[in-house]
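Undergrad: Questions regarding the structure given below will be posed in turn.
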Amino acid sequence: MVSETDLRHLRRAVDLAAEALDKGDEPFGSVLVGADGTVLFEDHNHVAGGDSTQHPEFAIARWAAQHLSPADRAEATVYTSGEHCPMCSAAHAWVGLGRIVYAASSRQLGSWLAEWGVPAGPVRTLAITEVAPGLRVEGPVDSFTEEVRALHARLHGRGPRP
Ligand SMILES: [Zn+2]
């Protein structure tokens with residue numbers, strides 16, 4: 001069940017994705033929120049510099065491992081514009097973070113990229129729960145679908161849906 005609070009944090013994650021795109025990076029943004037609703041950490045993709053592991057969900061996992069107790073990690077929620085990739089799903093699970101809410105699914109992104117003829121990356125597209133079956137995951141959230149699609153369309157030089 002996605003609440004109004006969830007939608008507010010997802011809004012921020014998608015805004016961070018747009019900010020990344022405006023800065024010449026790939027449009028992915030994520031926010032880590034503690035059990036009391038405090039925003040603890042946020043980031044967007046930083047892969048433009050050449051390090052393709054610089055995903056915001058991975059940065060969140062590393063930050064959480066360094067700054068939060070295991071109990072606080074388990075009660076924290078990660079909001080993200082696009083569903084975690086397998087690397088980030090694994091990192092999230094290894095550090096024991098809690099719930100994930102994503103705007104667009106990896107499956108949706110994969111179908112858009114295929115539609116635009118973008119070659120597949122080196123890592124298989126998997127749902128978070130295929131990598132880490134114990135995680136609590138919610139998404140996609142339909143109200144963000146067109147907006148996230150448009151960000152990726154812009155990245156790949158495609159116009160908005162006709
Ligand atoms: Zn990732």
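The values are calculated or read from the model by the stated rules, or taken from the named source; none is laboratory data. As the structure is a prediction and not an experimental result, all values here were calculated from the model. Using ideal geometry, Cβ is built from the backbone for each residue, glycine included, and neighbour counts are taken over all protein chains shown. The protein model used for the area step is the full one, side chains on, heavy atoms only, and it has no ligands, DNA or RNA in it. Shrake-Rupley method; radii C 1.70, N 1.55, O 1.52, S 1.80 Å.
Undergrad: Can you give the accessible area per residue of the chain, in Å², using a 1.4 Å probe?
TA: Details: 8230 Å² over 162 residues.
I get 51 Å² per residue for this part.
Undergrad: Additional query: At 1.4 Å probe size, what's the solvent-accessible area of residue 125? Round to the nearest 10 Å².
TA: Result for residue 125: roughly 80 Å² accessible.
Undergrad: Provide the gained length on full extension for the span residue 120 to residue 51, in nm with one decimal, where the gain is 0.36 nm per separating residue minus the Cα-Cα distance. Kindly include the intermediate steps, with their values, before the conclusion.
TA: Details: separation 69, 0.36 × 69 = 24.84 nm, distance 1.76 nm.
Length difference between fully extended and current span is 23.1 nm.
Undergrad: With a 1.4 Å probe and every protein chain kept in, tell me what percent of the accessible surface of region 1-94 is carbon plus sulfur.
TA: 53
Undergrad: Expressed as an acute angle from 0 to 90° and rounded to the nearest 10, what is the orientation of the C-alpha long axis of helix 56-67 relative to the principal long axis of the chain?
TA: Relative to the chain, helix 56-67 is tipped by roughly 20 degrees.
Undergrad: If you don't mind, there's one more thing I want to ask. Post the alpha-carbon centroid distance, region 136-158 to region 27-92, in whole angstrom.
TA: Measuring centre to centre over Cα atoms gives 18 Å.
Undergrad: Follow-up. To the nearest 500 deg cm²/dmol, what mean residue ellipticity at 222 nm is calculated for the chain from DSSP H runs of n ≥ 4 alone, each contributing -39,500 (n - 2.57), summed and divided by the residues?
TA: Working: 7 runs with 72 residues, N = 162.
My calculation for the chain gives -13000 deg cm²/dmol from helical runs alone.
Undergrad: Would you be so kind as to identify which of 66, 55, 39 lies farthest towards the positive end of the dipole of the chain, taking Lys and Arg as +1 and Asp and Glu as -1 on Cβ and the Cα centre as origin?
TA: Value computed over the given set: 55.
Undergrad: Could you check which residue among 82, 98, 117 shows the biggest mean-square fluctuation in a GNM of the chain with a 10 Å Cα cutoff?
TA: Of the options given, 117 has the highest mean-square fluctuation.
Undergrad: On to the next question. Expressed as a rounded percentage, what relative contact order does region 2-118 have, with Cα pairs under 8 Å and six or more residues apart? Please list the in-between numbers first.
TA: On the way: 215 pairs, mean separation 27.1, N = 117.
Contact order relative to length: 23 percent.
Undergrad: Could you pull out the chymotrypsin sites (Phe, Trp or Tyr not before Pro) across region 54-162 that fall in loop regions by DSSP (anything but H, G, I, E, B) with no more than 14 other Cβ atoms inside 10 Å?
TA: Those satisfying the criteria are 116.
Undergrad: Scan region 111-162 for trypsin sites (Lys or Arg not before Pro) in coil per DSSP, keeping those whose Cβ has at most 13 other Cβ atoms within 10 Å, and list them by number.
TA: 124, 136
Undergrad: Let me ask something else about it. Given the options 49, 96, 134, which has the most mean-square fluctuation in a GNM of the chain, springs set between C-alpha atoms less than 10 angstrom apart?
TA: 49
Undergrad: Mind grabbing the accessible area of residue 6 for me, 1.4 Å probe, Å², rounded to tens?
TA: Answer for residue 6: close to 10 Å² accessible.
Undergrad: Which of these, 78, 118, 14, has the largest mean-square fluctuation under a Gaussian network model of the chain (Cα springs below 10 Å)?
TA: Judging by the Gaussian network model, the answer is 118.
Undergrad: Next question. Between helix 4-22 and the chain, what is the angle of the helix's C-alpha long axis to the longest principal axis, kept within 0 to 90° and rounded to the nearest 10?
TA: With both axes taken from Cα atoms, the answer is about 50 degrees.
Undergrad: While we're looking at this one, here's another question. Report the full-extension gain for the segment residue 2 to residue 94: residue separation times 0.36 nm, less the Cα-Cα distance, to one decimal in nm.
TA: Length difference between fully extended and current span is 30.7 nm.
Undergrad: Follow-up. Given Cβ point charges of +1 (Lys, Arg) and -1 (Asp, Glu) and nothing else, what value in debye, to the nearest 20, does the dipole of the chain about its Cα centre take?
TA: Around 300 debye, computed over the chain.
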